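Novice: Handing you this structure, nothing more for now.
The values are calculated or read from the model by the stated rules, or taken from the named source; none is laboratory data. Owing to the predicted nature of the structure, the values given are computational and were not obtained by experimental measurement. Reconstructed Cβ throughout: ideal geometry from the backbone, glycine too, with neighbour counts over all protein chains shown. For the accessible areas, the whole protein counts, side chains as well, though only heavy atoms, and no ligand, DNA or RNA atoms are used. Shrake-Rupley method; radii C 1.70, N 1.55, O 1.52, S 1.80 Å.
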Amino acid sequence: DARIGLDGLIGLIPGAGDTIGALISSVVLSEAARLGAPKTVLLKMAFNIALDAVVGAVPVLGDFFDFVWKANQRNVQLLNDYLDNPRKTVVASRLFVWGLGAALVVFVMLVGMFGFVLVRALLNAAGGV
């Protein structure tokens, strides 16, 4: 069932579309917080919004991504899952948040190692070390 959502259409507005879409998406996030969803569920929802906004900002590819990712549908489903089965949703969200945290740590380490190798190569090329 391929439908065109409002977020995908708003994302077509150059420059501001993805920001406006993220602000509108925050309504679902704030409603989940109001209903007492735990931080891990809220973090997973925020990740969906952030990914939609960041990738959506890439010209052409981002517009296609907006039509496919559907962060709002994902977040509404996540909230409904939490309301139907809180324990299962919290466990899945915790695993996601831990995995995301681990991926970020690895990413930072790789960037640090790349920076070190780059600086060393530049020093070697300049006749240093």
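Novice: Pop out the carbon and sulfur fraction of the accessible area of the chain as a percent, whole number, probe 1.4 Å.
Specialist: On the way: 6400 of 8690 Å².
Here it works out to 74 percent.
Novice: Further question: Tell me the mean residue ellipticity at 222 nm calculated for the chain from its helices only (DSSP H runs of n ≥ 4, each -39500 (n - 2.57), averaged over every residue, nearest 500).
Specialist: Details: 6 runs with 104 residues, N = 129.
Calculated at 222 nm, the ellipticity per residue is -27000 deg cm²/dmol.
Novice: So what is the accessible area of the chain per residue, in Å², with the probe set to 1.4 Å? It would help to have the intermediate numbers written out before the result.
Specialist: Values: 8690 Å² over 129 residues.
Accessible area per residue, the chain: 67 Å².
Novice: Right, another one. Using a simple spin-label model with points 7 Å from Cα along the Cα→Cβ vector, what separation in nm is obtained for Ile20 and Val60?
Specialist: The two pseudo-label positions are separated by 2.4 nm.
Novice: Now a separate question. Can you tell me which of Leu110, Leu79, Leu61 moves the most in a GNM of the chain? Springs connect C-alpha atoms under 10 Å apart.
Specialist: Maximum among the listed residues: Leu110.
Novice: Further, regarding this structure: Using a Gaussian network model of the chain whose springs link C-alpha atoms within less than 10 Å, name the residue from Val55, Val90, Val106 with the highest mean-square fluctuation.
Specialist: Val106
Novice: Okay, next question. 7 Å from Cα along Cα→Cβ at both Val106 and Ala125: what's the point-to-point distance in nm?
Specialist: 2.9
Novice: In debye, nearest 20, what is the charge dipole magnitude of the chain about its Cα centre with +1 on Lys and Arg Cβ and -1 on Asp and Glu Cβ, if you could check? Before the final figure, lay out the partial values.
Specialist: Working: 10 positive and 9 negative charges, 109 e Å.
Value, rounded to 20: 520 debye.
Novice: Computed from these coordinates, which is Rg and Dmax of the Cα atoms in Å: (1) 19.2, 65; (2) 15.0, 43; (3) 19.6, 53?
Specialist: (1)
Novice: Here is a further query. Beta carbons within 10 angstrom, averaged per residue: use that to sort the peptides 40-47, 116-123, 29-36, 65-72, highest first.
Specialist: Details: 40-47: 20.9, 116-123: 10.6, 29-36: 13.9, 65-72: 19.4.
With the highest mean Cβ count within 10 Å placed first, the list reads 40-47, 65-72, 29-36, 116-123.
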